[in-house]
Amino acid sequence: MRMENKIGIVTAAGSGMGRAGAIRFAAEGASVAVVDLDKEATDAVVRQITASGGKAIGLSGDLTNDNFARDIVHQTVKQFGGLDFVWNHVGSPGPASIEGLDWKAFDFTIDLNVRSVLVTTEAALPELRARGGGSILFTASTSGLQGSPYSPVYNIAKFGIVGLVKGLAKRYGHENIRINAVCPGPTDTPMLRVFVARPDSQLPPGETPETLVTKRGGANPMRRTGQPEEIANAALFLLSDEASYVNGVALPVDGGATA
């Protein structure tokens, strides 16, 4: 059991990679707070975990609300008695184009991808410190490592997350608090379909969201789209004690696309 007696939080855990991670961590012995805007999805994940003998609670709300972003930490500690890890997985692709940019959409993208995870991290740090250390993982993206023509606004957010990870890793490493990022490439999740189907993403003639999912997913040396469980496996390693000397890393999980 690689996370036995660990207590943690996974945000955006109602579907995709976050869901896969919450289920995997619980199977490895962790008590998990499953956080998502979609209450039905959150409850379904909690039911799946508990039906398999795991421990989980569901917390549903809007993480762009600072109070809720902090409260998920307080509720987790209240329910389970502490906190050992956080996977700040929540995110949104934001607008595709900067021409005619909807600035409200821009603000929301930065608030959700950057501000909300920073607020949660601020609340989590004292709780991790009280346990003698812990681990915080952020979901960045290959768009946090290289430019993307499909979403320069997303680049802003995810490059910011990679920078945040490196700064926090140096600031808190001496307290045995490790900070890392996982950087997925195209992965078969609902969010990938949001990326390719945005109104301002300008689908090429004859293309559909599904054909683009296949093409973008196959544009790496392994010639396939990633699976949510593969990202969850990387997250499990980075959050677990097996990665006890890994700090400040932005790990690509992308089939070699950024090689």
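Any read-out appearing in this document is the output of simple, stated calculations on the displayed coordinates, not a laboratory observation. Because the structure is a prediction, the values reported are computed rather than measured. A quick note on method: Cβ atoms are made from the backbone with ideal geometry, for glycine too, and the neighbour counts reach across all protein chains shown.
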Cβ-Cβ cut-off under 12 Å around Lys215, Lys and Arg +1, Asp and Glu -1: the net charge is +1
Which of these, Gly100, Gly218, Gly54, has the largest mean-square fluctuation under a Gaussian network model of the chain (Cα springs below 10 Å)?
Gly100
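About its Cα centre, how strong a charge dipole does the stretch 91-212 have in debye, to the nearest 20, once Lys and Arg get +1 and Asp and Glu get -1 at the Cβ? Display every interim value, and only then the final one.
Details: 11 positive and 11 negative charges, 129 e Å.
The calculation lands at about 620 debye.
How long is the gain from Met222 to Ala105 if the chain were fully straight, where each residue apart is worth 0.36 nm and the alpha carbon distance is subtracted?
On the way: separation 117, 0.36 × 117 = 42.12 nm, distance 3.40 nm.
Between Met222 and Ala105, full extension yields an extra 38.7 nm.
Can you tell me the equivalent ellipsoid semi-axes for the stretch 1-132? Use √(5λ) from the Cα gyration tensor, largest first, whole Å.
Here the semi-axes work out to 27, 17, 11 Å.
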When the label point is put 7 Å from the Cα of Lys55 along its Cα-to-beta-carbon vector, which residues of the stretch 77-93 have a backbone N closer than 15 Å?
77-85
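For Arg115 and Asp66, calculate 0.36 nm times their separation in residues minus their Cα-Cα distance, and state this gained length in nm to one decimal.
On the way: separation 49, 0.36 × 49 = 17.64 nm, distance 0.86 nm.
Difference between extended and current length: 16.8 nm.
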Listed by chain and number, the aspartates and glutamates with an alpha carbon less than 14 angstrom from that of Lys39, same-chain partners under 8 positions apart left out, are Asp62
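Looking only at the stretch 115-259, where both bridge partners belong to it, what percent of the DSSP beta bridges are antiparallel (to the nearest 5)?
Just about 0 percent of them are antiparallel.
I need the calculated FRET efficiency for the pair Glu122 and Gln79, taking r as the beta carbon distance and R₀ as 30 Å, to the nearest 0.05. Could you put the intermediate results ahead of the total?
On the way: r = 20 Å, r/R0 = 0.67.
Taking R0 as 30 Å, the efficiency between Glu122 and Gln79 is 0.90.
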For the chain, modelled as a GNM with alpha-carbon contacts under 10 angstrom, which of Glu230, Glu207, Glu40 fluctuates the most?
Glu207
Over the stretch 13-89, the quotient of the Cα radius of gyration and 2.2 N^0.38 Å is 0.99
Which of Lys104, Lys78, Lys158 moves the most in a Gaussian network model of the chain with Cα springs under 10 Å?
Lys104
